[in-house]
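A short worksheet on the structure shown next.
The values are calculated or read from the model by the stated rules, or taken from the named source; none is laboratory data. Given the structure is predicted, the values throughout are model-derived calculations rather than measurements. Glycine gets a Cβ as well: all are built from the backbone with ideal geometry, and neighbour counts include every protein chain shown.
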Amino acid sequence: MAEATRAAFGRALVRVGGTEDRIVVLDADLASSTCTKPFADKYPERFFEVGIAEGNMVGVAAGLALAGKIPFAASFACFLAGRFEQIRVSVAYNRANVKLVGTHAGIGIGEDGYSQMGLEDVALMRTLPNLVVVQPADGVEAEAAVEHLVRHEGPAYLRLTRQKVADVSPAGYRFEFGRAVVLREGRHLAIAASGAVVGHALVAADALAGEGIEAAVLNVHTLKPIDAARLTEWGARTGAVLTVEDHGIVGGLGSAVSEALSETGIPVRCHGVRDFGESGTGDALYAKHGLDAPGIAAVARRFVADLAHPRERGHATGTRRGA
């Protein structure tokens with residue numbers, strides 16, 4: 001059943017809270033939106049509402065972690081990114097066992113507009129040496145990721161959606177930290193997607209198959225550490241990798257994959273948000289930025305065509321061709 005990954009997070013938090021009493025939860029006046037309210041209702045003595053003071057929330061979470069607790073500190077992804085200095089020093093530098101949870105990520109949140117959209121959060125979090133970054137693609141994976149992060153020793157960033165996302169995890173799915181999931185095999189192109197756009201990438205691959213383009217689809221749920229081995233494997237099998245993400249084009253999944261494959265010779269094309277967000281329905285914004293299935297299929301189609309005709313591609317991008 002399609003659901004927002006934040007909803008699955010909230011459900012998992014209540015469940016794991018019953019098995020591990022070191023878990024505490026902090027929120028910054030957004031408990032209903034981040035879905036931490038069920039935990040607050042179930043375990044009020046382990047829930048801390050700090051008000052509109054995200055920087056303070058991060059500092060308190062770090063202190064609780066250093067005192068032996070397992071804190072989950074939740075807010076909108078954009079508000080956590082805005083407190084990067086506290087995260088950098090109090091959490092990452094101290095190797096504090098804090099689980100930062102950024103909900104309402106990307107343009108998919110819709111009408112609230114750019115001031116509420118986390119489009120730079122992954123880029124920032126990836127720069128911190130001791131902090132891992134996880135972005136589940138559906139509810140099943142979100143619950144499994146929460147369970148893993150309780151056991152994971154060290155700081156982490158969990159990126160979640162406001163909007164409902166399609167179910168993509170296969171039956172009997174088991175979350176493997178740092179291991180990309182091959183959801184579909186193909187031979188002409190590997191589409192590496194993360195988070196809310198994974199479902200759209202699968203639909204795009206179905207459409208491309210009808211045109212004779214067989215695209216593999218990889219769900220890259222762990223953005224740091226990136227699964228360089230599996231990305232290299234599928235890039236080599238298909239000849240190229242297209243990354244797709246609901247995040248700014250700089251510093252996110254595309255950058256991570258480009259870094260991982262930089263010495264392999266495998267062509268990589270990055271597809272994401274290239275401008276500031278704006279207000280509109282999530283569906284309309286995905287269509288405008290080419291992150292829905294037709295948009296992803298169009299980008300993939302052009303990439304495959306460019307790979308088949310590199311001389312024309314070079315001319316189109318302004319490189320000089322021999323006479």
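Some points to look at:
- The residues of region 248-293 that are among the acidic types (Asp, Glu) and over 19 Å from the mean Cα position of the chain (by Cα), listed by number, are 263, 278.
- Among the candidates 259, 245, residue that is modelled with pLDDT of 95 or more and surrounded by fewer than 20 Cβ atoms within 10 Å (Cβ to Cβ): 259
- Considering region 156-169, the residues that are touching a strand residue (DSSP E or B) at 6+ places or on another chain (Cβ under 7 Å) and assigned to a loop (DSSP other than H, G, I, E, B) include one that is farthest from residue 34 (Cα to Cα), namely 168.
- Within the set 291, 285, 307, the sole residue that is of a type outside the set (S, T, N, Q), part of a helix (DSSP H, G or I), closer than 18 Å to residue 117 by Cβ and in contact (Cβ under 8 Å) with a residue 60 or more places away in the chain turns out to be 285.
- Only one of the listed residues (144, 137) is in a loop (DSSP other than H, G, I, E, B) and not acidic (Asp, Glu). That residue is 137.
- Within region 194-212, residues that are assigned by TED's automatic domain parsing to the domain that holds residue 293 and within 16 Å of residue 287 (Cα to Cα) reach partners that are among the charged types (D, E, K, R) and surrounded by fewer than 24 Cβ atoms within 10 Å (Cβ to Cβ) with beta carbons closer than 6 Å, at six or more positions or on different chains, in the pairs 200/292.
- For residue 238, the criteria (1) over 20 Å from the mean Cα position of the chain (by Cα); (2) farther than 24 Å from residue 208 by Cβ; (3) polar (S, T, N, Q) hold in every case but one, which is (2).
- Among the residues making up region 119-159, a single one is surrounded by fewer than 20 Cβ atoms within 10 Å (Cβ to Cβ), among the small types (Gly, Ala, Ser) and more than 18 Å from residue 104 (Cβ to Cβ): 154.
- Filter result for the condition that a residue is farther than 21 Å from residue 142 by Cα and either among the aromatic types (Phe, Trp, Tyr) or not in a loop (DSSP other than H, G, I, E, B) (or both), over 85, 111: 85
- Restricting region 56-82 to residues that are of a type outside the set (A, V, I, L, M), surrounded by fewer than 18 Cβ atoms within 10 Å (Cβ to Cβ) and not in a loop (DSSP other than H, G, I, E, B) leaves a set whose member that is nearest to the chain's Cα centre (by Cα) is 56.
- Filtered residue count, region 1-27, keeping only those that are buried (at least 19 other Cβ atoms within 10 Å of the Cβ), of a type outside the set (A, V, I, L, M) and within 16 Å of residue 135 (Cα to Cα): 4
- Exactly one residue out of 97, 130 is at pLDDT below 95 and either charged (D, E, K, R) or more than 16 Å from residue 251 (Cβ to Cβ) (or both): that is 130.
- Options 19, 34, 5: the member that is within 21 Å of the chain's Cα centre (by Cα), within 21 Å of residue 97 (Cα to Cα) and modelled with pLDDT of 95 or more: 34
- Within region 160-197, if we keep just the residues that are under 18 Å from residue 268 (Cβ atoms) and under 14 Å from the mean Cα position of the chain (by Cα), the residue that is surrounded by the fewest Cβ atoms within 10 Å (Cβ to Cβ) turns out to be 180.
- Restricting region 6-35 to residues that are touching a Leu at 6+ places or on another chain (Cβ under 7 Å) and in contact (Cβ under 8 Å) with a residue 60 or more places away in the chain, the residue that is nearest to residue 196 (Cα to Cα): 6
- Selection over region 7-55 of residues that are farther than 16 Å from residue 83 by Cα and either part of a helix (DSSP H, G or I) or in contact with a Gly (Cβ under 7 Å, 6 or more places away or on another chain) (or both) gives a count of 29.
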